[in-house]
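*Asks:* Once you've had a glance at the structure underneath, I'll fire off some questions.
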Amino acid sequence: MERPAAPAAPHEAAEIRLTITTPEQMRELGRRLAKLLRAGDLVMLSGELGAGKTTLTRGLGEGLGVRGAVTSPTFVIARVHPSLGGGPPLVHVDAYRLGGGLDEMEDLDLDVSLPDSVIVVEWGEGKVEELTEDRLQVVIHRTVGTADAGDAPGSAGVDEVRHVIVTGLGERWSDAGLETLSG
């Protein structure tokens, strides 16, 4: 008697943790991350206000070589930045003001845009996970406080430090090279 095939094991999440101390380092992280992205990728960004989500996305836009200044789309909800060099466009979404899940976001047609674009969604938890099992989650934790009086001149104060956790979910990210983000 033949044994049924064992179900495929779910792909382990690939994860990298980084410490960022300046806005320029956050933009550089975005530029490095852009080298790993391709059409069809969904990137979910989370972190409190002022954590650096838009700064990271600005670096992504630079790395992808897209047209237009990448700024927060808070009031327009989404902006499309076409590629200047034949790569995928960047769709930058700010879901902060959207209360519902994917149903409320259907008007944005993200499911239609996803195969041909890189989609970055700020504040997307609980709202866009259903778009694809393969996604990159970037969580930015901002250290809140003040620097010690003994800090060296020019060093980052405690309130400038960001701890970034980049997690690749699904087969797409199982061996995508996230370790290259560390520098």
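The values are calculated or read from the model by the stated rules, or taken from the named source; none is laboratory data. Since the model is a prediction, treat every value here as computed from it, not as a measurement. In this analysis, Cβ positions are derived from the backbone assuming ideal geometry, glycine residues included, and neighbour counts consider all displayed protein chains. These area figures cover heavy atoms from the full protein model, side chains too; ligands, DNA and RNA do not enter into them. Shrake-Rupley method; radii C 1.70, N 1.55, O 1.52, S 1.80 Å.
*Asks:* Sort D116, D94 from largest to smallest accessible area, using a 1.4 Å probe on the heavy atoms of the protein chains.
*Replies:* So the residues, ranked largest to smallest area, are D116, D94.
*Asks:* Please list, by residue number, everything in region 22-42 whose backbone N is under 12 Å from a paramagnetic label point 7 Å out along Cα→Cβ of T180.
*Replies:* Hits in region 22-42 for T180 at 12 Å: 32-38.
*Asks:* If you don't mind, there's one more thing I want to ask. Accessible area, 1.4 Å probe, largest first: how do R38, R17, R135, R142 sort?
*Replies:* Output order, biggest surface exposure first: R17, R38, R142, R135.
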